Amino acid sequence: MPKDPSTRDAIRDFIADKGSATSRQLADHLGITRQAVSLHLRQLLADGAIFKTGSTRAARYFPREAAAPERRLRRDLDLAGLDESTVYEDVAIVLTLSRLADNVEAIVHYAFTEMLNNAIDHSMADQCTIEVRLDATRLFFAVRDRGIGVFHSIADKFELQDEHAAMIELVKGKTTTQPDAHSGEGIFFVSRAADRFVLRSHRLQLEWDRFRDDVFVSEPRFLKGTRVQFEIGIDSRTRLENVFAEFAPEEYDYQFEKTRVLVKLLRREYVSRSEAKRLLHNLDRFSEIELDMRDVTSMGQGFADEVFRVFASAHPEIIIRTVNTGKAIEAMIRHVGRKAH
């Protein structure tokens, strides 16, 4: 812990004078290393003298006095006849969401209305609860229903073996129990626009974390129905149009034709053709597939052959890319006669 209070006072005074500062600006001003600045900043944060937005090198520090008071809203809503846009407008007025940057407000508007609409159209519940919080650094919302459960609904609709299989279908994108009314894009795009997005139902929880650039599956205690949780920093630079452009680009006429699957969500060791077929199920709906192999420890010949020869030969129009492949997996892909693009 830093022992020189004069340095901390100088940091606090500089932040107060400038209105905000980065660790680099502080290091240049004081003539000390960023590592030394970080030690003092941690103590000032712990003391509540300053607050921070962003993370790592993008972090910016503000005087405590600049922090806006936290605003909260919680409501129980009857789902029959509910209009998600009207609810959002009420939330925006109560919490003054208009003060958010345009790119952040656009993401929050899209994410909130999509997730509430899912509860209205898919949950088979009578009511849901919404919670929204906005403070000096982030916006958080949750939508909770006590209906059929998102994973159970998909497993039942498509006659899948269990809710884990339903989860895998969901993360691919284009999965919906009401194809005539829904595209199955909402959760896919919301999860990629958020800093943190959690989807929990029954005994499964799926979490996307932007800062760790990873997706996690856990098995918490049983939760009836579905709860979605969304978080984004008010200084986020993410733009909704860029999220869409990555997976629905101009070359595909802005249609959702690209997907990315984190293969470890199925399991980390792959041997059989049946496991490959489970991975590939419904991926023929896309024009481009990226298979992220991070943390996958091994791949059997049967699995690789089914993905990179059989499926690829049956669908020559589909581009299959792999990323984060180790040498052993790359060798297996070459062995079955098809190199990753």
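Points worth noting:
- Within segment 94-114, the residues that satisfy the criterion of being more than 17 Å from residue 131 (Cβ to Cβ) and of a type in the set (A, V, I, L, M, F, W, C) are 100, 101, 104, 106, 107.
- Hey, residue 78 out of contact with any helix residue (DSSP H, G or I) (no Cβ under 8 Å at 6 or more places or on another chain), more than 19 Å from residue 187 (Cα to Cα) and of a type outside the set (Ser, Thr, Tyr) or not: yes
- Test: residue in segment 268-285 that is within 17 Å of the chain's Cα centre (by Cα) and surrounded by 16 or more Cβ atoms within 10 Å (Cβ to Cβ): no
- Filter result for the condition that a residue is on the phi < 0 side of the Ramachandran plot, over 15 Å from the mean Cα position of the chain (by Cα) and not aliphatic (A, V, I, L, M), over 185, 169, 231, 207: 169
Table: residues versus (1) over 20 Å from residue 171 (Cα atoms); (2) acidic (Asp, Glu).
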| site | (1), (2) |
| --- | --- |
| 237 | yes, no |
| 249 | no, no |
| 259 | no, no |
| 264 | no, no |
| 273 | yes, no |
| 276 | no, no |
| 279 | no, no |
| 285 | no, no |
| 288 | no, yes |
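- Evaluated against (1) in contact with a strand residue (DSSP E or B) (Cβ under 8 Å, 6 or more places away or on another chain); (2) at positive phi, residue 238 falls short on exactly one condition, (2).
- Residues in segment 302-335 that are over 15 Å from residue 277 (Cβ atoms) and more than 30 Å from the chain's Cα centre (by Cα) were compared, and the one that is modelled with the highest pLDDT is 316.
- Residue 236 over 29 Å from residue 307 (Cα atoms), more than 16 Å from the chain's Cα centre (by Cα) and among the polar types (S, T, N, Q): no
- A single member of 156, 162, 213, 235 is within 29 Å of residue 53 (Cβ to Cβ) and without any contact (Cβ under 8 Å) to a residue 60 or more places away in the chain, and it is 213.
- Matching entry among 292, 253 (being surrounded by fewer than 20 Cβ atoms within 10 Å (Cβ to Cβ), touching a residue at least 24 places away in the same chain (Cβ under 8 Å) and acidic (Asp, Glu)): 292
- Just one residue in the set 113, 22, 53 is within 19 Å of residue 233 (Cα to Cα), assigned by TED's automatic domain parsing to the domain that holds residue 137 and among the β-branched types (Val, Ile, Thr); that residue is 113.
- Test: residue 91 is under 21 Å from the mean Cα position of the chain (by Cα) and crowded, with 17+ Cβ neighbours inside 10 Å: no
- In segment 209-228, the residues that are in contact with a Leu (Cβ under 7 Å, 6 or more places away or on another chain) and surrounded by fewer than 15 Cβ atoms within 10 Å (Cβ to Cβ): 219
- The set of residues in segment 241-250 that are surrounded by fewer than 18 Cβ atoms within 10 Å (Cβ to Cβ) and touching a residue at least 12 places away in the same chain (Cβ under 8 Å) comprises 244, 246.
- Test for residue 206: is it closer than 23 Å to residue 264 by Cα and in contact with a strand residue (DSSP E or B) (Cβ under 9 Å, 6 or more places away or on another chain): yes
- Residue in segment 296-309 that is acidic (Asp, Glu), loosely packed, with under 15 Cβ neighbours inside 10 Å and under 21 Å from residue 168 (Cβ atoms) present: no
The values are calculated or read from the model by the stated rules, or taken from the named source; none is laboratory data. Note that this is a predicted model, so its numbers are computed, not measured. For neighbour counting, all protein chains shown are included, and Cβ atoms are generated from backbone atoms with ideal geometry for every residue, glycine included.
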